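Reading through the structure tokens given below for one structure.
The values are calculated or read from the model by the stated rules, or taken from the named source; none is laboratory data. Small disclaimer: the values here were computed from a predicted structure and weren't measured. Cβ sites come from the backbone with ideal geometry, for glycine too, and all protein chains shown count toward neighbours. Surface accessibility is based on the protein's heavy atoms, side chains included, excluding ligands, DNA and RNA. Shrake-Rupley method; radii C 1.70, N 1.55, O 1.52, S 1.80 Å.
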Amino acid sequence: MQNELTLRKLRYFVGLAESGKGSQAAVDLNVSQSSITTAVRELEQQLGVRLFRRCAQGMQLTLHGERFLRQAQRVLQAAAEALDLGPETPSTVTGRLELAMSYTVAGYFFPPLLARFRRRFPEIEVRLHEAPRLTIQAGLVDGVFGLAIVLTSNLGRQASLDHHSLLRSRRRLWVGAHHPLLERDQVSLAEVAHHPYVMLNVDEAEKTAMRYWVQAGLKPKTIFSTSSVEAVRSMVASGAGVAVLSDMVYRPWSLEGQRVEQIDLIDPVPDMEVGVAWARERELSGPAKAMRDLLVGAMHRGTDGRV
């Protein structure tokens, strides 16, 4: 029935939210664009709110859409985990996997997926390693790591590595609950440049940020540079500054219980991309293939492990 809230509608909504374009979401989900449009329209009718607004870059979430996205992701994650508890026999694949990952992946993406992997592959020992990108790249090539989950948007052209993208996460402006920029639905980097800025520097975030700032012919008014996402969140929530960070690491509350809000940016700021990478010249082991396939399958079903 049209008024039913189905997992299919939620998958289509999440797909459109993450791609920002109906045509791209249709390709990613292997459905028609009209199917996605119909599903989102029905969701908006059921909820009585607009979930998207159309802009020059495509489709952008409204504030209601942002809130609904987080709930939809939780529902899809719970559904996937419920299927994992079904009657299928756990895999008999055995062995050990040396799995490397970056700071952001370790803290904001992978933990729920690790739990799913262990339920499905109880005989595989997974040894986790957090390391910088260059260390991970060298470790994959040298065989120290069998597989890695990294910010593939930072990899650039790496002839020695193959990778598969798992998630694209949009970057937006973070502000405190009473910031004057909240009066705007969208802001430009030129407007952001007038406000104190808190710069995250872990996982090459500062290097990435400066690329789009320089491209815009601007420079942020940085008052503090930190490797802690929670420090950024707390400073933004308290009104000390603003920041541009990805949806994947966004949480609406600081540790002190203060609100963090998001505003869309007009300027072409690149998404953060998470993916799985491996050495091109090395054959993947059974445990590495099992992990790669689980990650790719989870993303294909519209669940990404975010909480």
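The requirement of being over 19 Å from the mean Cα position of the chain (by Cα), touching a residue at least 40 places away in the same chain (Cβ under 8 Å) and open to solvent by 40 Å² or more (accessible area, probe 1.4 Å) is fulfilled nowhere in the range 288-307; no residue meets it. Across the range 22-38, the qualifying residues are those that are within 17 Å of Met299 (Cα to Cα) and among the β-branched types (Val, Ile, Thr), and the one among them that is most open to solvent (accessible area, probe 1.4 Å) is Val27. For the range 233-253, the tally of residues that are open to solvent by 10 Å² or more (accessible area, probe 1.4 Å), of a type in the set (Gly, Ala, Ser) and assigned to a loop (DSSP other than H, G, I, E, B) stands at 3. Just to be sure, is Gly146 more than 30 Å from Pro268 (Cα to Cα) and touching a helix residue (DSSP H, G or I) at 6+ places or on another chain (Cβ under 6 Å)? Taking the combined requirement at face value, the residue satisfies it.
For His164, the conditions (1) in the same structural domain as Phe109 (by the TED database); (2) in a loop (DSSP other than H, G, I, E, B); (3) modelled with pLDDT of 90 or more are fulfilled apart from (2). So if I check each of Val202, Val198, Val187, Val192, which one is within 21 Å of the chain's Cα centre (by Cα), over 25 Å from Gln137 (Cα atoms) and not basic (Lys, Arg)? Within the list Val202, Val198, Val187, Val192, the selection yields Val198. Set side by side, the residues Glu273, Glu230, Glu281 differ, and just one is within 17 Å of the chain's Cα centre (by Cα), open to solvent by 50 Å² or more (accessible area, probe 1.4 Å) and closer than 30 Å to Gly139 by Cβ, which is Glu230.
For beta carbons closer than 7 Å, sequence separation of 6+ or different chains, a first residue in the range 12-39 that is at positive phi and a second that is open to solvent by 50 Å² or more (accessible area, probe 1.4 Å), the qualifying pairs are Gly20/Gln57.
For residues in the range 154-184 being more than 26 Å from Arg70 (Cα to Cα), of a type in the set (A, V, I, L, M) and crowded, with 16+ Cβ neighbours inside 10 Å, which is farthest from the chain's Cα centre (by Cα)?
Our first condition is that a residue be more than 26 Å from Arg70 (Cα to Cα); within the range 154-184, this holds for 155-163.
Adding the requirement that they be of a type in the set (A, V, I, L, M) leaves 155, 159, 161.
So of that shortlist, the ones also crowded, with 16+ Cβ neighbours inside 10 Å come out as 155, 161.
Numbers: Leu155: 16, Leu161: 21 Å.
So, considering only residues that are more than 26 Å from Arg70 (Cα to Cα), of a type in the set (A, V, I, L, M) and crowded, with 16+ Cβ neighbours inside 10 Å, the one farthest from the chain's Cα centre (by Cα) is Leu161.
Identify, from the list Leu5, Leu43, Leu47, Leu16, the residue that is within 20 Å of the chain's Cα centre (by Cα) and of a type outside the set (Lys, Arg). Criteria check complete, one pass: Leu16. Total residues in the range 171-226 satisfying the condition of being of a type in the set (Gly, Ala, Ser) and not in a loop (DSSP other than H, G, I, E, B): the figure is 5.
Tell me, please, whether a residue that is closer than 22 Å to Met101 by Cα, in a loop (DSSP other than H, G, I, E, B), out of contact with any helix residue (DSSP H, G or I) (no Cβ under 7 Å at 6 or more places or on another chain) and among the basic types (Lys, Arg) can be found in the range 261-280. So far as the range 261-280 goes, yes, one or more of its residues are closer than 22 Å to Met101 by Cα, in a loop (DSSP other than H, G, I, E, B), out of contact with any helix residue (DSSP H, G or I) (no Cβ under 7 Å at 6 or more places or on another chain) and among the basic types (Lys, Arg).
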